[in-house]
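Have a look at the structure below, then the notes.
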Ligand code: ADP
Ligand code: MG
């Protein structure tokens, strides 16, 4: 991207951010007004130093001193109110925008296709919801606060200075930019080094994490020295960068002070001219000098505006990029209550994004309504992919998939997905009670009796009977407090309650011991009655009774038929069968 494109991009992002601000216009205006009042009061305060010294102290105007004394608390009260107004309003606007962005990201993440989640690490997406949105607020608020408040303050001070003595003020105007130049140079270097430190710290963490996670492998393969050397190198880099930061900071502070002292020196030398000195009162001299010293701080802050602004824009860009991700395609219009469950795949070819080899190659498959079909084959042969295409997690590249003779793309997405109940090896439970987990995500109203019946049928009640609150026991994050078999039974109960016409069992029992598997098998058999069932299983003993067994290899269907048919054929199925019964599994 070249410079102009980048500027255009920044402007576009900024305008989009402003469109969020629009909804909170009132708060925004209040914030700016508050900041302006705050700075005006400060500048006014400085303008009164001259009166205080010349008339009050030198002129011994007791009345004036008394009035000033009485006025001061009120001035500070007004300043305090202005400060509150500015800070509160700005945070009000900012927090509203953060909340709005968060909600939008959250909602959007449930609308993007599965492919998007495949390609983006969960940690990064979480960071966008939590960190990036926060950055948008913090950086933008800071940039605005500095621009308006410090900007107005600087202008106010300059007006006071020039009004009192333009000659002295001119000196400052000559030296000021020099200070600004150095400050901005230093802070740029500062940021660069800070960024490198951040990276270096990231390396420290990731190398340590790898070593800790793979600790046993490291120890077994005698790679301690190699890991230690790798860490030493990174450790050294981090230390060097830290020292650079320290020295930059130390040098910069002194450099700025020395330059500031030059300004002071010039002022004093010029003032030592008797003619000039006579034209100045003590009050004027003191005020101008104080203003000069005071100006350094806001000026320094103003030089960081661009950095803050860019940081905010970078966070914004990251958030907007996510929000601009295309949603899942949902152009189908057909809505069904309940399909019969006749499934047909015709020449279906599909490859995952970014992979050359197709995961499915011209697959043909027909499953009559109400039948049970089993998919077998070595891992990676494309079994799960078939189920992912049926539920439209991915769009197939060519061919047709029809349910009840209607192309699945023509169904409305949610309506299509409502036709499936899925039980897979990866159990996903929520941190809630067993009963609520069983009833999760059901649109229709379910009664307590129905939940209990489902729990009974899936043998969930077998173990909840021993839990303190029975079905209402909270099961911890992802069902931490339950065993694998128990968790699996909860998901089967969920499928029973869902009562969908098509049931998908993807290695639902592979991770279980034989005892649990038998229990679950019984539950599954009950569940399979009157449904179209696609079952994927490793252990052939669990699928012998299927109406049809389909053997897959490298994304292709190589054989299909009933158990006895396939055994008689002495082909691929027979081979797998032999292997399992010769004691391999
Ligand atoms: P099975 O369920 O038979 O073990 P899969 O259908 O899961 O096999 O996988 C088929 C092929 O597709 C494998 O080569 C696998 O590496 C690949 N694959 C599966 N899921 C993804 C994914 N989300 N992204 C990219 N490739 C995938
Ligand atoms: Mg699989």
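Taken together, the values in this text are just the output of simple stated rules run on the coordinates, not laboratory data. Note that the structure is predicted; figures quoted are calculated from it, not measured. Cβ placement follows ideal geometry from the backbone for every residue including glycine, while neighbour counts extend to all protein chains displayed.
Points worth noting:
- Averaging the sequence gap over all C-alpha pairs within less than 8 Å and six or more residues apart, then dividing by the number of residues, gives region 329-394 a relative contact order of 26 percent.
- Cα shape, region 17-323, gyration tensor, a/c 1.5 rule: oblate
- Beta bridges per DSSP with both ends in region 464-559, % antiparallel, nearest 5: 40 percent
- In terms of packing, defined here as the mean over residues of other Cβ atoms within 10 angstrom, the peptides 318-327, 146-155 line up highest first as 146-155, 318-327.
- Cα gyration tensor shape for region 311-391, rounded if a/c is under 1.5, else prolate or oblate: oblate
- On Cα atoms only, tilt of 448-457 relative to the major axis of the chain in degrees: 50 degrees
- Residues residue 205 and residue 415, FRET efficiency given R0 of 56 Å [Cβ-Cβ distance, rounded to 0.05]: 0.75
- The mean sequence distance of close C-alpha pairs (under 8 Å, at least 6 residues apart), as a share of the length of region 17-323, puts its relative contact order at 35 percent.
- Label zone at residue 226, where the point sits 7 Å out along the Cα-to-Cβ direction: region 201-216 residues whose backbone N lies under 17 Å: 207-216
- Between 0 and 90°, nearest 10: helix 151-164 axis offset from the chain longest Cα axis: 10 degrees
- Angle between the chain longest axis and helix 224-271 axis [Cα atoms, degrees, rounded to 10]: 20 degrees
- Distance between modelled label sites at residue 181 and residue 155, nm, 7 Å Cα→Cβ extension: 2.7 nm
- Chain lengthening between residue 108 and residue 530 when straightened (0.36 nm per residue, less Cα-Cα): 148.3 nm
- Approximating the spin labels as points 7 Å out from Cα along Cα→Cβ, the residue 72-to-residue 293 distance works out to 1.7 nm.
- Antiparallel bridges, percent of DSSP beta bridges restricted to the chain (to nearest 5): 50 percent
- Every helix of 4 or more DSSP H residues in the chain counts as -39500 (n - 2.57), and over all residues that averages to -20500 deg cm²/dmol at 222 nm.
- Taken along the Cα-to-beta-carbon direction at a fixed 7 Å, the label points for residue 242 and residue 545 span 6.7 nm.
- Förster radius 41 Å - calculated FRET efficiency between residue 321 and residue 483 (Cβ-Cβ, nearest 0.05): 0.45
- Cβ-derived FRET efficiency at R0 22 Å, residue 174 paired with residue 251, nearest 0.05: 0.40
- Cα-based shape type of region 492-559, given that a ≥ b ≥ c are square roots of the gyration tensor eigenvalues and the cut on a/c is 1.5: oblate
- Length available on full extension from residue 574 to residue 189: 0.36 nm per residue minus the Cα-Cα distance, which gives 131.6 nm.
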